[in-house]
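First up is the structure itself, then whatever we jot down about it.
Derivation of every value follows stated rules applied to the coordinates shown; laboratory data play no part. What you see is a predicted model; the values in this text were computed from it and never measured. Counting neighbours? That spans all protein chains shown, and the Cβs are built from the backbone with ideal geometry, glycine included.
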Amino acid sequence: MEGAGDEAVEGESGEEGREAAFFAEEGREEERQGQAAARAAGSSGRLSTASNSDAVEQFLSFTGTDDVEFAREALDAATGDVQVAVERFFGQLEAQPEPQQRQGAAGGDGDEAIARYLAMKGEAVVEKARKELEAATDQPVHDMVLAASLLAKDADDRAAGGDADVATRRSHADAQAERGRKLREEDRIKREQAALNKKLFDAAEYGNAVAVERLAGEGASVDAKGRSPSRAGTERFPAVVIAADNGHTEAVEALLRLRCNPNAPIANGVTALMSAAANGHGGVVGALIKGGADIEAAGTGAGWKEVTALMSAAANGHGGVVDALIKGGATVDSVVRPHGPNGWTALMMAARDGHAAVVGQLLEEGADATRRAPHGDHENKTALEIAEAEGHAEVAALLRS
């Protein structure tokens, strides 16, 4: 490369000689020859706006200036080569750290343009920018073209970060608004559902089977719970329990067709079947047995501790219900826990309360009259002894026979 450079300088003088020497030292002889050819081809040595607008736009874009005339003059001074013009532009600027007024379009320093460029990027001093870039890149930044590019990228990144923060805040606000909208919608749906459920509960309580089916079709839950104005306290009853307790066979059947839970209990463990049996509602008992109610289920709370549907029917003298339950599969001598808090059989309960017909019915079904009560006022007594203690002569006669 050195030999080629020396040969190219030979025979040239003046400005052309100095240019040749510069390019030869840099090993860029081919570039010099190309530029010389470009000068020779031009009639005046100046750029034509029409034919070189792309070069002007490229220079403006790369340096950040918007002075078209300055760009054209800078390119003229650099023989029309954009790269050379940019290098000279930044080379002159690098030699002068502080921005100064540009003197002359073609031969000046170009400080005004770069100052405008740096101001646009949030900087005012080239040297300051260079130091910051060196600290950021951990290496000297000698190429001002690179420095300008890095400044532009840094500014764009900051802007993008700002946009990202705004976007994040907007996204967060949108998410909160969406959550609020969903909560309001969920609340509206819950209120509408609660209103439908109350209507179905009321229909079940008053035995309106047609309304039960219609409301279920509109979305009401067939397992809806509600408070009955005819019941003391604040306990909520399942619709099927309140319908069964009131003896509304058709309403119970409608709920069963709609696949309600036939064994849904109230607080003390009483189910629809137990309630219907205690109240002697044979039709409801039959519907519940057919609908899958647990015939051996027992209560868990006050007044119903370990009491089954058969026991409650026997204790209340409902022979028809007793018959239906036995035919439905109830065990005649069923005891939840023989040595538990209750441990009484249906026969003991019927004997205690003086229901002779039911006692006879249970005996015919094979009830064991020799069993003894494990607890209570009649601890260790048989059904006969219980009847005698309670003064039920007719029942005692049946049990002796």
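Working ranking of peptides 220-230, 379-389, 352-362, 183-193 by packing, defined as the average number of other Cβ atoms within 10 Å per residue, highest first, is 352-362, 379-389, 220-230, 183-193. Take every pair of alpha-carbon atoms less than 8 Å apart whose residues are at least six positions apart; their mean separation over the length of segment 262-401 yields a relative contact order of 18 percent. Label-to-label distance, Ala397 versus Asn263, with points set 7 angstrom from Cα along the beta-carbon direction: 4.3 nm. Placing +1 on each Lys and Arg Cβ and -1 on each Asp and Glu Cβ, with no other charges, gives segment 260-357 a dipole about its Cα centre of roughly 60 debye.
Over 25 Å apart at the Cα level, from the set Lys190/Lys290; Lys199/Lys327; Lys225/Lys290, are Lys190/Lys290; Lys199/Lys327.
In this simple spin-label model, placing a label point 7 Å from the Cα along the Cα-to-Cβ direction at both Ala357 and Thr331 gives a separation of 2.8 nm.
Note on Lys290 and Asp187: their simple-model spin labels are 4.6 nm apart, each label 7 Å out from Cα toward Cβ.
Between Asp377 and Glu218, the FRET efficiency estimated from the beta carbon spacing at R0 = 41 angstrom works out to 0.20.
Note on Val68 and Ala195: with the Förster distance fixed at 56 Å, the Cβ-Cβ geometry gives a FRET efficiency of about 0.15.
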